[in-house]
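Notes follow once the structure below has been shown.
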Amino acid sequence: MTSSNTQSPLDAIANDALGLDAAAASPEAAVQADETPTGPTFASLGLSPEIVSALTAAGYKAPTPVQERAIPAAIAGRDLLVSSPTGSGKTAAFMLPAIERFAQMQKAQAAQPREPRPQGQQGQADRRQRRPQPVARPGLLVLTPTRELAMQVTTAASTYGQHLRRLRTVSILGGVAYGQQLMLLAKNPEILVATPGRLLDHLERGRIDLSELKMLVLDEADRMLDMGFIDDIDTIVAATPESRQTMLFSATLDGKIASITGRLLKDPERIEIVRKVEANSNIAQTVHYVDDRDHKDRLLDHLLRDESLDQAVVFTATKMDADQLAGKLADAGFESAALHGDLPQGARNRTIRALRERRVRVLVATDVAARGIDIPGITHVFNYDLPKFAEDYVHRIGRTGRAGRSGVAVSLVHHAEQGALKRIERFVRAPLPVNVIEGFEPRKAPPSNRGFGGRGRPGGGNGGGRRFGGNGNGKPGGYGNRGGNGGERSFGDRPQGERSFGDRSNGDRNGNSWGNRSEGSRGGYGQREGGYGASRGEGNGNGNSRGGYGQPRGDGYGRSREGYSARRNDGPRGARRDS
């Protein structure tokens, strides 16, 4: 839940001082070049000076194609049916004309003659009637599939309408205490941004009345349908007046979307913005098949020790997975941290700052939280879980290979995820090569009809060529010198007595800092049998070696993060989540 005066978590992440690319961190920003725009301007689209002034202050120079087409039609009152990819400026495409309508209503009200203010007891009675009512009657409702997107839309509305006299924006999200939301709803906000599940809860409790709604926006409608919100959407729409203006935004306009547009929209203006698929020719993209979670963990540990890896982003499907995986990596000696929407603002800021200052080498993140990160040191991206939507794959791998640099993107794929992988390949219009590393072969052979790719260069064995990671007597990977005599070491430099996070033994551990390892009865890392990192050799570390980041737990890193608690909405990938 976020009010218009509350900074969105994504807004703080999008901060140049913390190492982010401003244009990418705020994908709704239009053209932010230094040159004076020669084409259409926001003023020429019919926006009021107050709104144009807010856009100028925010760094917007000229409208994007979807904004150029959608804003005039929406101001004219037309229903919209828009297909526009993420990052094309769609939030501004619906929010700017909506705020313009509020601005016009305010001007009309200001032009009307004011009635004399009543005095005495009658005046007090009138003022009591004007006090906040327990039922909110918004003029604009924006439905989004996820919490993160709702917060982003709320922040955008606050930015665009900052110069209007009275324009309150409130977001109603799952996983937030009802009491806080009731306090904000009692202020009767003009703009309501919500996820469907929690909005229905308030509708059923009589806390929200949509009978006076003037504008309805369904943002990322295709995702809402994929997440199973079709019945909720129908119930919500039934509570709105037929005279409303409706704007529907979706990545595609076929399939399920086509089946609902007839009953939601009236003679809509149809706008389709062609998606431009980035070539990403400077990013080496590969697929590694895994048998199960344990195999995936061991393989990721191995890949993260590649000598060419500087910093990496590991993407997970859920916020809970991000926390758990970051904790495992910290236990294994990696300087890791989690980044997602449930972390407190201070923890997020510290994480991004630590990443920029190279005190964090492995960032475990969810899709929206990592959007816009621009750190030159990020050389590798790992898809620990494949994204649910193919478009997100392009956004993920775009965290590496920035500014013309080369990068590596690795997807760890279970055989049951063939459908998701094929959707990604269709989206990028190319098959992804499959690599197999010696000692980490999947039990089930990878598909053979995938166009190109094949077996990757095998791991070093007895000191062969450079490879991902190192084991046995071969050339070790990772960072620094994994000599095996204990003592001070940098992240990833494990003495031979330590183990990978994918194969834990039960040695004692000092939990006061990330990488402190007390001497436990562990098998050595040096001689492996079985191919998947099971330790069989005898450890020779002295137990006092340090690894990891060295920060106290509870500071936003590793396993215990400041302010995080498991939510009922953090379900497994594919489950319905009112995020």
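The values are calculated or read from the model by the stated rules, or taken from the named source; none is laboratory data. On a predicted model such as this, the values are computed, not experimentally measured, just so you know. No Cβ is skipped: glycine too gets one built from the backbone with ideal geometry, and neighbour counts run over all protein chains shown.
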Filter the range 287-318 down to residues that are in contact (Cβ under 8 Å) with a residue 60 or more places away in the chain, outside any loop (DSSP other than H, G, I, E, B) and exposed (fewer than 15 other Cβ atoms within 10 Å of the Cβ), then give me how many there are. 1
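Here is a list: D16, D11, D79. Which entry is at pLDDT 90 or above and acidic (D, E)?
On the way: D16 fails: at pLDDT 90 or above; D11 fails: at pLDDT 90 or above.
Exactly one of D16, D11, D79 is at pLDDT 90 or above and acidic (D, E), namely D79.
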What pairs come up if the first residue lies in the range 400-427 and is touching a residue at least 60 places away in the same chain (Cβ under 8 Å), the second is part of a helix (DSSP H, G or I) and aliphatic (A, V, I, L, M), and their beta carbons are under 7 Å apart, counting only those six or more places apart or on different chains? A409/I397; V410/L303; L412/L299; L412/L300; V413/L421; F427/A390
Being within 21 Å of M151 (Cβ to Cβ), surrounded by fewer than 21 Cβ atoms within 10 Å (Cβ to Cβ) and modelled with pLDDT under 95, is that true of even one residue in the range 61-74? no
Meets criteria (over 28 Å from G89 (Cβ atoms) and touching a Gly at 6+ places or on another chain (Cβ under 6 Å)) for H302: yes
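Restricting to helices (runs of 4 or more DSSP H) lying wholly in the range 344-463: which have 2 or more residues that are touching a Pro at 6+ places or on another chain (Cβ under 9 Å), among the aliphatic types (A, V, I, L, M) and modelled with pLDDT of 90 or more? Write out each step before concluding.
Values: elements: 345-356, 367-370, 390-397, 418-428.
Output list reads 418-428.
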Against the condition assigned by TED's automatic domain parsing to the domain that holds L339 and either under 15 Å from the mean Cα position of the chain (by Cα) or surrounded by 21 or more Cβ atoms within 10 Å (Cβ to Cβ) (or both), how does V362 come out, does it pass? yes
